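The values are calculated or read from the model by the stated rules, or taken from the named source; none is laboratory data. Computed from a predicted structure; not experimentally measured. Glycine gets a Cβ as well: all are built from the backbone with ideal geometry, and neighbour counts include every protein chain shown.
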Amino acid sequence: MLRKRWRIRAFRKRREMKSVVNRTETIKPNDILVFCTARNERIRLPYFLRYYRNMGVNHFVFVENDSDDGTREYLAEQEDVSLWTSKAGYKRARFGVDWLNWLMRRYAHGHWCLTVDPDEFLVFPFCDTRGLRALTDWLDASSIKSFGAMLLDMYPKGPMSSQPYSAGQDPFEIASWFDAGNYMIEKNTKFGNLWIQGGPRARMFFPDNPARAPALNKIPLVKWQRSYTYVSSTHNLLPRGLNLVYDEWGGEKASGCLLHAKFLDTFAPKAAEELERRQHYAASHEYRAYAEKLDSDPDLWCKWSEKYINWRQLEILGLMSKGNWA
Amino acid sequence: MSVGFAMLVHTSLDRAAEVARHWAVNKCPVVIHVDKKVDRRAYKSFTAQLGDLPNVKFCKRFSCEWGTWSLVAASQTASEVLLAEFPEVRHVYLASGSCLPLRPIDELKEYLAARPMTNFIESVTTEDVPWTVGGLDIERFIFRFPFSWKRHRRAFDGYVRFQRRMNFKRKVPEGLVPHLGSQWWCLTRQTLTAILEDPDRQKYDRYFSKVWIPDESYFQTLTRLYSTNIESRSLTLSKFDFQGKPHIFYDDHMQLLRRSDCFVARKIWPHAEKLYNGFLSDDGSIFTGAEPNPGKIDRVFSKAVERRTKGRPGLYMQSRFPNENWENGLTSSQYSIFEGFTELFEDFEEWLGRVTQTRVHGHLYGPERAEYSGRQKVFAGAMVDSADLRDYNPRAFLTNLIWNTRGERQCFMFGPADNQDISWDVAKDPNAQISVISGAWAVPLFYSNANFSDIRREAARLQRIETQHIEVLRSVWTKARVRVWTLADFIENPMEPLQTIIDEIGARQANRLTEAPRMVSLDGFGQFLQNLKNQGMQPYLMGDFPVDNSDRQSRHKPRKPYLVK
């Protein structure tokens, strides 16, 4: 009955949002949709939209939260974007999940939906030669309803502030490094999903308190049904069967990665601001840990960092898998 | 003398029309069966699209559902029309709407003209079929299947179970030997008409209409009645995954498909623009004219199936997290654990690295930090030496380390002062080689400058921990290669056990060890143990140490490395 609770919550929170531009009537039956919340992300949006348009996304649904940098205006002019806005607290809406759950319930039924943040970029097997449509067609043919993609924190070599990011630029020209093999996995018995921690954030910001390290497991791509609901960000959802994106009998299911372009020069000011607002998860523990270290402008890079090449590299390293897609 | 196509179309009508047109303009008649589920408007525009071609016909439509008789009925009808309307057709090729010709039609025509009486149909008896998924092979023929597998899975499975329990058996019509095979065949007019005009056809049809997936058995079985000239293989390249679902071909399979030399492939992804443009063009120069050889691309797809079912041993990741005992290898490669060796030998780590050419770490599970080789702060895969981070998930630490260093053997030290959480994991891991000198932890205590009461307490603690650890290593569940010596036994003749361990690691130089590690002096160690005993503690893991070490008295610390010839 947990699911009912989240759904009622989403229903209550719907009034916090105001529609700015609603182009959802242009959504065609087989369209692939992106759902996203954004706050002061103007600089990231041009590349974000281009990346997912090229991948084959047909329509974007944004919830913009109290921005003052032109995010709202920029999104409103995009032909394939439907935009809602909210001044209410991000935290009170369970970090945007309530808002998105409501919008997805209304507009996503029967569609393949990708729920990502503006700094998350999906990589999946064969994404250099096949579009997202090939993946969703294959998932449909295989009767698979959800697709897992672990969050892979990307970072630059050298202090974050040393290479400024400009709008429209591929963020992975700067943040092109990642941790290849320091991830820890446990099973969440309540929801049946895996709980993955590790990566540069665990080793730099939480070496003494690993339990607090942020979760990296994500299930961003789902063939949405009205009755579904995300629980905690896109880490897990209900009904529980959708969380079973991993094989328990030794085999590998197909999976992707969400390249996380969080650690750019935009990060330090953002972290300071977020700490001020106290609108993040678990009493903003994460951001407090960042702020402590960020004063010294840290370098996440180490000599064992791996430089990103392509999805095949991630598959060889065992961070994602082709499963039986060939 | 020609080949005609019977084509079964369900979805992506545009692509089907493209392929049908390709065949038709190359002077191959095509009869198309369109699924009745396709709505009337789409059907109309589809027929209009092909209306200009006199050698394309459409036949009576059935509503098709996978695994049912409707697919056989559709192929029968389409073949009948094809044979009746186009008397020059000699071979009938059954294809689907998602098939794509890979070689010029003329090559197919030549190939078939050279084999005018051959039926190309995969047809194997049920005993010899390895690829049926879900365990239904002979049962397909002797059970009844009134429930839809797609829509009423539970009822389907339940009824199969019920029939198994009841030992239910339908009678197979006399004279038929059940055969199975790919549903995409190419039969001669002679054989096909014999099947379709058989006086007993009604009887056979009635029987097969209740068989499960009859399109994989109807023609495959009946062909055996009328022809002996059977090539038991399909001319259509079609690969199946572990659930019996066809693999789909995409643009990036272009080279693979070319190299297969097959005539037709399925299933093609409808949006595979490059494949359709490339293979439907009339440019035949790229082809070698070789015999079809689907084996060339088998490897890719059988690897995919293996990855999905077995996975990569020792890998734990977001889409592979095996339940206990289903790991197919707890770790990805072999490694060695040494317990008590650094305590007994002064330079053991350097020595081991030198003679085995492996990566030698210190106490990876040490209480202060993970002692990576060379005491690096960060190691392969960006693993850090924080003890907190390691102890948060000790097993992941081990499996990550071994996975990250694939191709290089890892050795590390272990002891009772370390985090013991991995005891069971390494004991159950066949990749682990564990060598223990029990009681060697007492040597550093012997040399320590602490108060004797503290030493006594510490000795009791370490002994308790190591005893438990050795119990684990000696349990019936242990799969690691475990060797345990007492300290007393080991120092009697240290070279022999060392040689055994090194040989097993398979170091590059297979010859005898010429250089030994430097052993610390144990003068007075027997007395030290006696003192512990006198204080009421019983040190037993070291084995029998005489109090009076007179035979070892002559040795001095540090001892010189000695040579063994």
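Scanning the stretch B:18-59 for residues that are within 25 Å of residue B:192 (Cβ to Cβ) and among the small types (Gly, Ala, Ser) turns up B:20, B:24. Return yes when residue A:307 is within 13 Å of another protein chain (Cβ to nearest Cβ), over 18 Å from residue A:112 (Cα atoms) and of a type in the set (Lys, Arg) and no when it is not. For residue A:307, the condition - within 13 Å of another protein chain (Cβ to nearest Cβ), over 18 Å from residue A:112 (Cα atoms) and of a type in the set (Lys, Arg) - is met. Note on the stretch B:135-147: among residues that are modelled with pLDDT of 80 or more and either among the β-branched types (Val, Ile, Thr) or part of a loop (DSSP other than H, G, I, E, B) (or both), the one that is surrounded by the most Cβ atoms within 10 Å (Cβ to Cβ) is B:145. Taken over the stretch B:152-196, the residue count meeting the criterion of being of a type outside the set (Gly, Ala, Ser), closer than 30 Å to residue B:115 by Cβ and outside any loop (DSSP other than H, G, I, E, B) is 12.
Where helices (runs of 4 or more DSSP H) fall wholly inside the stretch B:249-365, the ranges with 3 or more residues that are within 13 Å of chain A (Cβ to nearest Cβ) and without any contact (Cβ under 8 Å) to a residue 12 or more places away in the chain are B:295-309.
Residues considered: A:255, A:233, A:296. Of these, the only one that is in contact with a Phe, Trp or Tyr (Cβ under 9 Å, 6 or more places away or on another chain), over 30 Å from residue B:306 (Cβ atoms) and not aliphatic (A, V, I, L, M) is A:233. Filtering the stretch A:144-158 to residues that are among the aliphatic types (A, V, I, L, M) and within 14 Å of the chain's Cα centre (by Cα) leaves A:149, A:150, A:151, A:152, A:154. Residue check: residue A:180 meets all listed conditions (1) in a loop (DSSP other than H, G, I, E, B); (2) away from chain B (no Cβ under 11 Å) but one, namely (2).
Taking the criterion of being of a type in the set (Lys, Arg) and closer than 26 Å to residue B:324 by Cβ, the residues of the stretch B:453-481 that qualify are B:474, B:479, B:481. So which of B:392, B:365 ends up being among the aromatic types (Phe, Trp, Tyr), in contact with an Asp or Glu (Cβ under 6 Å, 6 or more places away or on another chain) and at negative phi? The conditions single out B:365. The lone criterion from (1) among the β-branched types (Val, Ile, Thr); (2) surrounded by 22 or more Cβ atoms within 10 Å (Cβ to Cβ); (3) over 18 Å from residue B:91 (Cβ atoms) left unmet by residue B:19 is number (3).
Residue count for the stretch A:195-232 satisfying the condition of being hydrophobic (A, V, I, L, M, F, W, C), within 8 Å of another protein chain (Cβ to nearest Cβ) and within 16 Å of the chain's Cα centre (by Cα): 1. Number of residues in the stretch A:198-255 that are crowded, with 24+ Cβ neighbours inside 10 Å, assigned to a loop (DSSP other than H, G, I, E, B) and among the hydroxyl-bearing types (Ser, Thr, Tyr): the value is 2.
Just so you know, in the stretch B:227-248 the residues that are among the charged types (D, E, K, R) and part of a loop (DSSP other than H, G, I, E, B) include one that is farthest from residue A:141 (Cα to Cα), and it is B:233.
Which residue pairs have Cβ atoms under 7 Å apart, sit 6 or more places apart or on different chains, and have a first residue in the stretch A:161-176 that is over 23 Å from residue A:311 (Cα atoms) and a second that is loosely packed, with under 14 Cβ neighbours inside 10 Å? As it stands, the answer is A:161/A:297, since those pairs meet every condition given. Could you please find all residues in the stretch B:1-29 being of a type outside the set (Asp, Glu) and assigned to a helix (DSSP H, G or I)? Those that are of a type outside the set (Asp, Glu) and assigned to a helix (DSSP H, G or I): B:13, B:15, B:16, B:17, B:19, B:20, B:21, B:22, B:23, B:24, B:25.
Just so you know, in the stretch B:46-79 the residues that are in contact with a strand residue (DSSP E or B) (Cβ under 9 Å, 6 or more places away or on another chain) and among the charged types (D, E, K, R) include one that is nearest to residue B:24 (Cα to Cα), and it is B:57. Picking from residues in the stretch A:175-190 that are surrounded by fewer than 19 Cβ atoms within 10 Å (Cβ to Cβ) and touching a helix residue (DSSP H, G or I) at 6+ places or on another chain (Cβ under 9 Å), the one that is farthest from residue B:332 (Cα to Cα) is A:190.
Listed here are the residues, each with its yes/no results for (1) among the charged types (D, E, K, R); (2) touching a helix residue (DSSP H, G or I) at 6+ places or on another chain (Cβ under 8 Å); (3) under 21 Å from residue B:150 (Cα atoms).
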residue	(1), (2), (3)
B:12	no, no, yes
B:40	yes, no, no
B:54	no, no, no
B:88	yes, no, no
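Taken together, the criteria place residue B:4 among residues that are in contact with a Pro (Cβ under 7 Å, 6 or more places away or on another chain) and crowded, with 23+ Cβ neighbours inside 10 Å. The helices (runs of 4 or more DSSP H) located wholly in the stretch B:33-113 that include 2 or more residues which are of a type in the set (Lys, Arg), in the same structural domain as residue B:265 (by TED's automatic domain parsing) and surrounded by fewer than 21 Cβ atoms within 10 Å (Cβ to Cβ) occupy B:40-49. With respect to the conditions (1) away from chain B (no Cβ under 11 Å); (2) more than 21 Å from the chain's Cα centre (by Cα); (3) part of a loop (DSSP other than H, G, I, E, B), residue A:161 lacks only one, and its number is (3).
Within this structure, residue A:131 fails the test of being facing another protein chain (nearest Cβ under 10 Å), buried (at least 24 other Cβ atoms within 10 Å of the Cβ) and of a type in the set (Gly, Ala, Ser). Of everything listed in (1) of a type outside the set (A, V, I, L, M, F, W, C); (2) at the interface with chain B (Cβ under 8 Å from one of its Cβ atoms); (3) more than 30 Å from residue A:10 (Cα to Cα), the single unmet condition for residue A:265 is (2). When residue A:37 is tested against (1) at pLDDT 90 or above; (2) more than 20 Å from residue A:234 (Cα to Cα); (3) surrounded by 16 or more Cβ atoms within 10 Å (Cβ to Cβ), only condition (2) is not met.
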